[in-house]
Structures are given as C-alpha cells and as structure tokens.
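The values are calculated or read from the model by the stated rules, or taken from the named source; none is laboratory data. Keep in mind it's a predicted model, so treat the numbers as computed, not measured. So basically every Cβ, Gly included, is an ideal-geometry build from the backbone, and we count neighbours across all protein chains shown. For accessibility, only protein heavy atoms count, side chains too; no ligands or nucleic acids. Shrake-Rupley method; radii C 1.70, N 1.55, O 1.52, S 1.80 Å.
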Amino acid sequence: MKRLIFALLFVTAALVPPAARAQNGAEAGRYRRANEHRILREFLRLLSLPNVATDRENIRRNAAHISEMMSARGLRPRLLEAATAGVPPAVYGEWTVPGATRTLVFYAHYDGQPTDPARWTGTEPWRPAFRDAPFESGGKLVPAPAEGEPINPEWRLYARSSSDDKAGVMAILAAVDALRAAGVRPSVNLKFFFEGEEEAGSPHLVEILSRHRELLASDGWIICDGPVHQTGRKQVVFGVRGDTNVDVTVYGAKRPLHSGHYGNWSPNPAMLLARLLASMKDERGRVTIRGWYDDVEPLGEAERRAIAEAPAYDELLRRELGLARAEGGGKSLLELINEPSLNVNGMTSAETGPLSRNVTPTTATAALDLRLVRGNDYRRQVERLVAHIRGQGFHVLDREPTDAERLAHPLIARVTHRPGGYNAERTPMDSPLSKAVVAAVQSVSREPVVRLPTLGGSLPLSLIRETLGAPTITVPIANHDNNQHAENENIRLQNLWDGIEIMAALMTLKAGNW
C-alpha cells in the first residue's frame, strides 16, 4: 500500500513542473508568513459587516467593500446585477494574462446564514474574536495579536462567515497578493465571482449568469467553499448535493386554548406535526416517502474507488460528536452523502423555557431541508413530499386555510416551497481539468489529497453548468469543526493559511489540454 501511495504521489506531482510547484507553495507561504497580521486585519474588517442576504443595506455594504478590496489589487471589479431589483449582486473581477489560452473562474460567496446573536457564547456574530482553542474544548478568548507578535496557527477566529464563506473570499484575494508580490503570473486567465445569495438558495443566480454570459465565459470554475476532510487532509471534491427547502405548517384551533379546559378535546398541532414528520423516516433514518430513491444515478467505478480509498473516520467522528449510534443501517458517512436525504432544520409551536405557557397552540411549523444527488430533480422531490403528506390524510394548501376549509378538513397542512433550489452536480473525476486541479492541490500538501465524488453540503453548481456549460470542481479549505450555519462559527487560522497557498497553486496550475 505504501508503495502504491508513493507511486500515486509521484505521478500526481509530475503533472506540475518543479518551478511552478515552488511558486505555488514556497512563494505563497513566504508571503503569508510575512503578512499574517495584515491579512488578519483585512479579514476582520470584512467579517465585521453583517451579511444576511435579506439584509439589503448591509449586503450591499459587503459588495462595495469587496469591490474596494479587489480594486486595490488591480482586479477591475464590477457588480453583476440580476434583472430583478433589490437582489444581492455578484462581485466580479479579473486578471488577464497575455498569451494564456485557458480561463478559470474562482468562486466564493460573501453572504452568510441568518443567526441569533443570543445563541453565541462569549462572542457575537459580526464582532470577530479569537480563541486559543475551540470553544467546545475549553478555548479561551484572547486579544487580537499585536503587530510583530507571533500568531498561533491553532487559534480560532469566531464570527459569522469566518469559514462559510468569507474565508474563501479572503484566501482567493490573499493568493492574488502572494503571486503579485513574488512576480509570478497565473498560468491561466483568472476571473473572480463572489455571490451574495448562496445561503438563500441562489434564487437569482441564473438571472445574473444569463445577463453576463459572455463576460463569464471560461473553461471551468474553482469553487472555494466547504470543509476539508475530517482528518485535516486537504481534499478535492468533484460534486455537490442539490438542495431545496420546504416549510410545512399544520393547524389546530383558530386561537390559543387553555390546555386544561380544552386539552384532550382540541387537536394539538404540535402532536399532529410530530406524527407527520415521524412518518417520513424509519428508525434507521431512511426516508419512507414513496419514490424518494428511485431516480438516484449510481456512482461510477472511479467514484466508488475514491470512497473506498478515503480515510475511515466515522468512529472517531461519532465519539467527537457524542453519538452512541449513527443512522444509515451500517453505511459509512461517505456512502450516505451520495444518497438523497430529508432533514428537519427546525420546528416551532408556541414557546418553551421561561415563556412556556399552558396552552394548546394554534399551529406548528417545520422547516425541511431536502438534499439531492445526481438523478434527483428538486421539483419532483417536493411533489413526492406533498403526495406523502396527502397520503397521511392532510388537505394540502399553499396558503392559509379559510374558515370553511377548517370546518371541512380535520387535517390541514400548508406546504410552502421556498424560492431557490437546484439539483446535484458532479464533474468526472478523471477529466483533464480534474487531474490538473488535484495535481495543483497535491503540490502544496505533504499527505495524499483526499478525492471525493460528492460534498455533503450543497452549492448551485448545476445552475452554473446548465447556464454556462462550464465544469465545476470544489476545493474546500475550512476546518471540519467550524460550526458553519450555526452559532459560534469559526475558522482555524492554519486552514486559512493553507487556503491561501492552495488558491495560489490553483492559479498557477498546469494549463494543459482541458
């Protein structure tokens, strides 16, 4: 096995000329070490801007700020607007190289998930703060490093989007700085595309891509988003799950009722919703909705081999997360993320804790997250969900029920399919571009790069391919325990440093026949 790994490393490294490897790794690393404080200062300013996609004023402030960052680097930024008014713009820039015959687009997104500041522990979402270790393992808050003070690469920087995905924006722009400082030209024309609505489901991305189709013409997109492998090894991922979100609300009485006077008589919507949700999955976690797995496109030989060769980490991860068991009937995590899923993101019905009252609530709502793999269509999955709800005896509406409908139907569910949504996407692992990307990442990694067919998370990559015809490859940089989408989101500083070197390597990858 050791001989095989050595041979694979040798072949992979041979795809990148020695001089390019030196430029990719050593030059970017030297620049980063000499400029860590400056990079962090710029990153802290970016993280201090609230960036929820629906916060129009602040999302525009983010776009303007990133434009200034790009302008300072000579990247000729401009805002790419959708046809629909009020949509967060994409921030575009470019670095053209005389004589270059290939073009790559580097993608990250600058918006972040909504969050409740009260749920953060000792920090706030848009007031970046450092800890000397992860909060969960007792990490303590420490002051920002002073100029000239050594920076511990194991420190964590806590802020909304510190990992998902302003880390991608910062790593890409710092890589540009590193190459310019070293006098190294990219091997391809570079275009930069920073989206402002990814966490909202990218509902207007096709509008932006279509309006600027010629400007965005390329040979491929490099996607900087997501976590590295749980072992900490760098990884290249060739696909992502699709995603769409649905809200389901069930109804009880028109007004809250005293639980003593009316309990056991007036139906409780929280109980109705709990039973409905329980009907959607079995005890192993497998979705029981009819047809849920029917369209799944089987993995090819290369994809199955990549999963088999990836480091086994399930047991260590289970212990890290405090899970006595995992779902999936014995399948590994990597196998299961190549299957469609249904997740309950949250539930609401009246109040809990200090605000809890003795009432029977009027409604109960669940936010559902539908993850898809190749072969699934997100609209068809929603239709299957609705059919299942009807099969459980519910009268399904897309609006509030009328009084007449309440009296006519004992079970009513309002199903709202949120804007956005897209299908899964995957680029062949053995394509020339795929090999060139793996070689570039391997050139700055001491250990073999993990190659996976599918990332567990979702990105709108199918929209890019369907609209522009370009392949996409994802190169994550964040630590796997970054708490993305949740409170206490963070980035391990070494992951940010590694990300800068990775992005510089990709900007100077071998521009072969792809």
Suppose we keep only residues that are in a helix (DSSP H, G or I) and under 20 Å from Ala504 (Cα atoms) within segment 181-224. Which one would you say is most open to solvent (accessible area, probe 1.4 Å)?
Ala181
Screening Pro128, Pro117 for residues that are under 18 Å from Asn58 (Cα atoms), under 23 Å from the mean Cα position of the chain (by Cα) and free of Cβ contacts under 8 Å to residues at least 12 places away in the same chain leaves only Pro117
Can you spot a residue in segment 271-281 that is aliphatic (A, V, I, L, M), touching a Gly at 6+ places or on another chain (Cβ under 8 Å) and not in a loop (DSSP other than H, G, I, E, B)?
yes
Somewhere in segment 412-424, is a residue within 14 Å of the chain's Cα centre (by Cα), within 28 Å of Ala274 (Cα to Cα) and not in a strand (DSSP E or B)?
yes
Could you tell me whether any residue of segment 225-247 is touching a Gly at 6+ places or on another chain (Cβ under 7 Å), buried (at least 24 other Cβ atoms within 10 Å of the Cβ) and part of a loop (DSSP other than H, G, I, E, B)?
yes
For Arg380, are the conditions met, namely being closer than 28 Å to Pro203 by Cα, among the basic types (Lys, Arg) and open to solvent by less than 50 Å² (accessible area, probe 1.4 Å)?
no
Pro269: passes all of (1) open to solvent by 10 Å² or more (accessible area, probe 1.4 Å); (2) under 30 Å from Ser349 (Cβ atoms) but (1)
With the structure loaded, tell me whether Asn483 is among the polar types (S, T, N, Q) and open to solvent by 40 Å² or more (accessible area, probe 1.4 Å) or whether it fails that test.
yes
Matching residues in segment 490-507 (under 27 Å from Ser218 (Cα atoms) and open to solvent by 10 Å² or more (accessible area, probe 1.4 Å)) number 2
(1) of a type in the set (Gly, Ala, Ser); (2) closer than 18 Å to Leu205 by Cβ; (3) surrounded by 24 or more Cβ atoms within 10 Å (Cβ to Cβ) all hold for Ala478 apart from (2)
Would you mind telling me which numbered condition in (1) on the phi < 0 side of the Ramachandran plot; (2) in contact with a Pro (Cβ under 7 Å, 6 or more places away or on another chain); (3) assigned to a loop (DSSP other than H, G, I, E, B) Ser434 fails?
(3)
Test result for Pro150, of a type outside the set (D, E, K, R) and closer than 12 Å to Asn488 by Cα:
no
